[in-house]
Amino acid sequence: MKTLGSEEFDVETGKFDNDREKLIRSTRVVQINNQALLSGLAYCLSSCSMILVNKFVLSSYDFSAGISLMLYQNLVSVLIVSMLSTLGVISTEPLTWRLIKVWLPVNVIFVGMLVTSMFSLRYINVAMVTVLKNVTNVITAVGEMYLFSKHHDNRVWVALFLMIISAISGGFTDLSFNAVGYTWQIINCFLTASYSLTLRRVMDTAKLVTKSGNLNEFSMVLLNNTLSLPLGLLLIFVFNEVDYLTTTPLLRLPTFWLVITLSGFLGLAISFTSMWFLHQTSATTYSLVGSLNKIPLSVAGILLFKVPTSLENSASILFGLVAGVFFARAKVRERSQS
């Protein structure tokens with residue numbers, strides 16, 4: 001026997017070492033779970049707030065330049081991250097051409113995801129957007145199966161089938177149905193699923209071409225939003241938003257600038273938290289937490305924007321939200337059995 005601090009260590013049994021290793025392992029598990037929980041909550045809060053503020057700008061202010069709004073939000077994110085990096089508060093990787101070439105494909109998807117979300121929110125109420133976003137879960141699950149050979153059990157597929165049914169029934173019973181908005185939202189579902197599926201792989205590849213061999217969340221936010229600026233500027237001219245911006249009186253309202261600047265801060269928050277959350281979990285978990293996030297978001301969207309709805313449409317929305325919860329439970333059981 002020998003003394004180690006105030007503890008005694010048995011050389012033959014190694015009891016103290018075993019106990020200490022168990023304690024270290026359990027502490028690490030708790031830390032990992034806490035990171036996943038914290039990042040998930042942060043992602044949910046920023047995601048909800050972002051959708052509601054964007055809906056407010058596009059509908060309540062009747063702002064018809066969604067791409068310009070996205071561009072301004074990304075510019076705010078770039079300025080904030082660059083300022084914090086210059087002050088030494090955070091560290092970011094330098095943007096090299098090698099890093100830009102690796103990241104550019106996922107950035108194109110990122111911009112497409114933001115733009116289509118803006119277009120769909122202009123035409124569809126928040127509750128129906130949240131239900132239609134369930135289609136993203138289906139695409140993500142299928143993508144993981146074919147790209148990563150990930151198999152899902154029957155409960156998951158039943159939940160995904162229920163999500164499709166709720167989206168279809170919700171569209172048929174939507175009192176404010178808009179074909180243009182629904183088209184943009186379906187495109188958004190494909191782009192969102194593609195973004196979550198490709199981001200983790202691109203993050204791993206990008207680390208290999210950085211000077212430090214690492215790529216933290218702030219570096220990825222800076223990279224994503226900086227690369228989106230020239231592409232967003234190009235899209236402004238393609239969709240001819242310049243003429244609208246030169247004539248709209250909204251740009252002369254201080255309150256309007258305050259709201260869209262707030263949306264820029266939320267854009268930074270959702271960029272950071274989504275990457276942080278993906279670091280801690282998988283693409284499907286990222287998607288399913290978004291499903292659970294739809295419950296308070298749908299209620300808030302209906303109440304805040306006074307959306308006219310019928311009993312059938314409300315039932316379809318509720319059915320879609322329940323399907324999302326069922327999907328989450330199925331994924332938890334699937335992970336516990338694997």
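Things worth noting here:
- Efficiency of FRET from Cβ geometry, Ala315 and Tyr61, R₀ 22 Å, rounded to 0.05: 0.10
- Among the chymotrypsin sites (Phe, Trp or Tyr not before Pro) in the stretch 95-187, none is located in a DSSP loop while being surrounded by at most 10 other Cβ atoms within 10 Å of its own Cβ.
- Taking every Cα-Cα distance in the stretch 111-152 and sorting them into 10 Å bins starting at zero, the pair-distance distribution P(r) comes out as 25, 40, 26, 8 percent.
- Across every pair of non-identical alpha carbons in the stretch 160-210, the mean reciprocal distance, once inverted, gives a Kirkwood radius of 13.4 Å.
- One Cα centroid belongs to the stretch 159-227, the other to the stretch 67-132; the line between them spans 12 Å.
- The stretch 204-279: chymotrypsin sites (Phe, Trp or Tyr not before Pro) falling in loop per DSSP and having at most 16 other Cβ within 10 Å: Phe239
- Calculated on alpha-carbon atoms, Rg and Dmax of the stretch 179-235 in Å: 14.6, 48
- Percent of Cα pairs in the stretch 123-194 per distance bin of 10 Å, from zero to the largest separation: 20, 49, 24, 7, 0.
Throughout, read-outs are computed from the coordinates displayed, never taken from laboratory work. In this text, all values refer to a predicted model and were calculated from it rather than measured experimentally. Virtual Cβ from ideal backbone geometry, glycine too; neighbours counted across all protein chains shown.
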